Amino acid sequence: FVVLGVESSCDDTAAAVINSDGTILGECRVSQDQLTEEWGGVVPHVARDAHADAIQHVIESSLRDASMLPSDLDAIGVTMGPGLEVCLRVGYRAARALALKHDTEFVAINHLEAHVLVSRATKTAENIQFPFLTLLVSGGHCQLLMAYDVAQYEVLGGTLDDALGEAYDKTARLLGLQVGGGGGPALEKLARKGNPKAIPFPVPMHRRPDCNFSFAGLKTSVRVAIDKLGGDEQVQTDQSLMADIAASFQETAVRHLEQRVTRAMQLCDDRGTGVNTLVVSGGVAANAVIRTRLESVCATQGWSCSIPPMNLCTDNGVMVAWAAVERLRRGIADDHTNLDVRARWPLAGLGQLSEPLPE
Ligand code: ATP
Ligand code: FE
């Protein structure tokens, strides 16, 4: 069957048409990077208007790519949360209108589940069977989870303060980088020219053997280091110093990830789960250093590692369409007429949108 996925939860408007085997037939994304740069962040009503301007275009263009008409679609999946409500509603309304008009099956998608499941859509990942361990690292989330099946997740740990993507974005701003294409990619690029051992920032919570994360302290360490090195102006005129700070930040963040992932793997072993696959997902999984380092943690531990192709890590329509495929295969669809979007919609106790959140 053929599925359309629609995404508008944050600052990317995206759609894709895929086959139930994961083949991408058509895809389109419009990013709001320019606006985010101008406003110094995502402003809900600005983002909502940009989604409203782009939503028909991304849907039509992905259908055109696929040489399909809306009436050819077997199902429509749309992100209903978590995210900015005013933005989510733009995607929901467009998807609902299409589903109503053509009497198409409708699936309410959790954005985080879409990030996690997209690994299973790619051909090379045919062997990713449930249950698996997953590290979700994105702009709003940093979690280690057990994925038992579609809609069945257990949170092993989460961040006590900032998400990793957020830490990259904030640190990029601290360094005065142009963050139009995203703070993460800008910082990663700068870090390539620096020495990761130049500044030994403390690795967060390295004595606490749990699966939680913390990145706020690291961001503060960067602030303090900049001040010690002579302040913003002084530091920003010295490109090699800037690169060293970026590389040292990244090194510390990666070591924190390595420690937490290793800990979660131990937990899987202690419980005798037999799980030995790690899936890394979310926008930050597009980072080349993070990809390589987590792959080698897996290699050392005898685990297999799966990370989606970079273009499927950051927000996209394919992951939403694929999450719909996975749900439809298990007989899960939703009644599109009486739903509303959810700003908060955690993976623990996920279920369906029509079900109330667990206490
Ligand atoms: P969430 O998925 O939690 O709702 P989001 O959808 O806004 O948040 P994503 O699109 O999944 O987030 O990821 C965007 C985040 O990923 C941004 O914070 C961005 O800086 C970060 N990111 C993207 N590419 C890279 C990279 N190469 N290195 C580090 N961080 C990156
Ligand atoms: Fe996302």
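Only the coordinates and a few stated rules stand behind these numbers; no lab work does. Quantities reported herein were computed from a predicted structural model and do not represent experimental measurements. Neighbour counts run over all protein chains shown; Cβ positions are idealised from the backbone, glycine included.
Couplings for segment 100-111, taken from phi via the Karplus curve 6.51 cos²θ - 1.76 cosθ + 1.60 with θ = phi - 60°, read 4, 5, 10, 6, 9, 4, 10, 10, 7, 10, 8, 4 Hz in order; Gly and Pro are left as x. All Cα-Cα separations within segment 46-174 were binned at 10 Å from zero, giving a P(r) of 11, 31, 35, 22, 3, each value a whole percent of the pairs. For G26, the residues whose modelled amide H falls within less than 5 Å of its own, excluding neighbours fewer than 5 places apart on the same chain, are V17.
If you plug the beta carbon distance of K197 and R223 into 1/(1 + (r/R0)^6) with R0 = 22 Å, you get a FRET efficiency near 0.65. With the charge dipole of segment 221-261 set up from +1 on Lys and Arg Cβ and -1 on Asp and Glu Cβ about the Cα centre, the Cα lying farthest toward the positive end among the listed residues L241, G230, T252 is that of T252. A straight Cα-to-Cα reach below 28 Å connects K197 with the lysines K170, K189, K219, K228, residues fewer than 8 places away in its own chain not being considered.
When each of the peptides 262-274, 311-323, 48-60 is scored by the mean number of other C-beta atoms lying within 10 Å of its residues, the order from highest to lowest reads 311-323, 48-60, 262-274. Expressed per residue, the C-alpha convex hull volume of segment 5-62 stands at 71 Å³.
Each Lys and Arg Cβ is given +1 and each Asp and Glu Cβ -1; about its Cα centre, segment 75-174 then shows a dipole of about 380 debye. For the chain, find the longest principal axis of its Cα atoms and tell me its angle to the long axis of helix 44-65, 0 to 90°, nearest 10. Tilt relative to the chain: about 60 degrees. Take L160, project a point 7 Å from its Cα along the Cβ direction, then tell me which residues of segment 239-277 have their backbone nitrogen under 19 Å from it. Those under the cut-off are 252-264. Where does helix 216-228 land angle-wise versus the long Cα axis of the chain, in degrees 0 to 90, nearest 10? So the inclination is approximately 40 degrees. For the chain, what does the helix formula give at 222 nm: sum of -39500 (n - 2.57) over DSSP H segments with n ≥ 4, over the residue count, nearest 500 deg cm²/dmol? About -13500 deg cm²/dmol. Sorted on the mean count of surrounding Cβ atoms within 10 Å across their residues, most packed first, peptides 240-249, 74-83 read 74-83, 240-249. Taking amide H as placed 1.01 Å from N in the peptide plane, the amide H of V279 sits under 5 Å from that of L133, T134, L135, S306, each at least 5 places away or on another chain.
All C-alpha pair distances within the chain, sorted into 20 Å bins from zero, spread as 31, 56, 13, 0 percent across the bins. The three principal axes of the C-alpha atoms in segment 205-256 carry coordinate ranges of 40, 16, 12 Å, sorted with the longest axis first. Here the spin labels are modelled as points 7 Å beyond Cα on the Cα-Cβ line, and at L357 and E233 they lie 4.6 nm apart.
Electrostatic bookkeeping for H102 treats Lys and Arg as +1 and Asp and Glu as -1; over the other residues with beta carbon under 11 Å from its beta carbon, the sum is -3.
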